[in-house]
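Worksheet: the structure to be examined is printed underneath.
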């Protein structure tokens with residue numbers, strides 16, 4: 001896109017929009033701390049709109065879909081933002097540096113996808129220190145990027161202690177409940193590697209843990225759960241087969257009908273009303 005640039009320095013991402021406005025859906029694969037340096041933006045997620053002005057900073061949880069709009073200010077000044085990405089490798093490393101007494105065991109994983117970070121000297125100092133790299137062609141050293149992400153993670157944790165349960169969802173007592181997560185997300189087209197990543201596990205750990213809670217593979221569990229939802233909608237009456245199929249996460253009518261008949265012994269159109 002003309003007028004748009006994005007540079008990733010080891011998890012520290014500088015974005016710039018010179019002329020055009022930017023709008024686009026995002027599926028965050030990593031927890032993100034986003035700071036607006038100039039211009040304005042808006043995060044749209046779960047029906048909520050969160051406006052952001054220059055100087056605002058938000059923490060975006062990884063397992064949500066959102067739309068990010070960005071507008072350059074009037075005149076020659078561009079829109080600029082800095083994003084700190086907290087990948088699993090980084091979080092594992094950070095977690096190992098924490099003492100047990102630092103961990104709030106009563107922290108609960110939040111459901112809100114966006115957390116506004118209060119303004120303060122620490123926040124201002126963090127992003128002011130990155131400004132020279134925004135305004136020049138100098139490369140941000142990897143070790144500096146790592147330290148800046150550490151500062152960002154500490155700011156987020158200081159803003160809300162419950163974020164411990166989101167950032168460190170690979171550790172007890174905050175390890176993501178697999179069936180609970182699957183129940184909340186079975187309608188989305190997530191691959192098994194994506195399911196593993198969103199639940200804070202490696203692929204092998206995810207498959208191993210899933211065997212402990214279900215006799216089905218993750219793919220078969222999702223298929224059965226979608227069929228159950230379609231059956232619930234059709235059994236209630238007043239719902240067309242095409243609508244039930246779509247609402248249950250199916251896209252192909254033929255494969256949906258075959259799977260439904262294998263599961264229940266009759267076609268979707270033959271479903272008796274309860």
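The values are calculated or read from the model by the stated rules, or taken from the named source; none is laboratory data. Because the structure is predicted, anything quoted here is derived from the model rather than measured. Cβ placement follows ideal geometry from the backbone for every residue including glycine, while neighbour counts extend to all protein chains displayed.
Those residues that are surrounded by 13 or more Cβ atoms within 10 Å (Cβ to Cβ) and free of Cβ contacts under 8 Å to residues at least 40 places away in the same chain, I need them from the range 182-193; list them, please. 190, 192, listed by residue number. The residue list 151, 142 contains one member that is loosely packed, with under 15 Cβ neighbours inside 10 Å and on the phi < 0 side of the Ramachandran plot, which is 142.
In the range 154-180, the qualifying residues are those that are over 25 Å from residue 102 (Cα atoms) and surrounded by fewer than 17 Cβ atoms within 10 Å (Cβ to Cβ), and the one that is farthest from the chain's Cα centre (by Cα) is 179.
Residue count for the range 194-205, restricted to those that are without any contact (Cβ under 8 Å) to a residue 24 or more places away in the chain and crowded, with 20+ Cβ neighbours inside 10 Å: 2. Against the definition (assigned to a strand (DSSP E or B), closer than 30 Å to residue 186 by Cβ and at pLDDT below 90), how does residue 33 come out, yes or no? No; evaluated as a whole, the condition is false for this residue.
Here's the yes/no breakdown for (1) more than 17 Å from the chain's Cα centre (by Cα); (2) outside any helix (DSSP H, G or I); (3) without any contact (Cβ under 8 Å) to a residue 24 or more places away in the chain:
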{"position": "63", "(1), (2), (3)": "no, yes, no"}
{"position": "70", "(1), (2), (3)": "yes, yes, no"}
{"position": "89", "(1), (2), (3)": "no, no, yes"}
{"position": "133", "(1), (2), (3)": "yes, no, no"}
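Beta carbons closer than 8 Å, at least 6 apart along the sequence or on distinct chains, pair a first residue in the range 1-17 that is surrounded by 14 or more Cβ atoms within 10 Å (Cβ to Cβ) with a second that is assigned to a loop (DSSP other than H, G, I, E, B) and at pLDDT below 80 for 3/18; 3/19; 3/20; 4/18; 4/20; 17/3; 17/72. Across the range 91-131, the number of residues qualifying as touching a strand residue (DSSP E or B) at 6+ places or on another chain (Cβ under 6 Å) and not in a helix (DSSP H, G or I) comes to 6. Apart from one condition, residue 58 fits all of (1) within 22 Å of residue 133 (Cβ to Cβ); (2) in contact (Cβ under 8 Å) with a residue 24 or more places away in the chain; (3) crowded, with 21+ Cβ neighbours inside 10 Å; the exception is (3).
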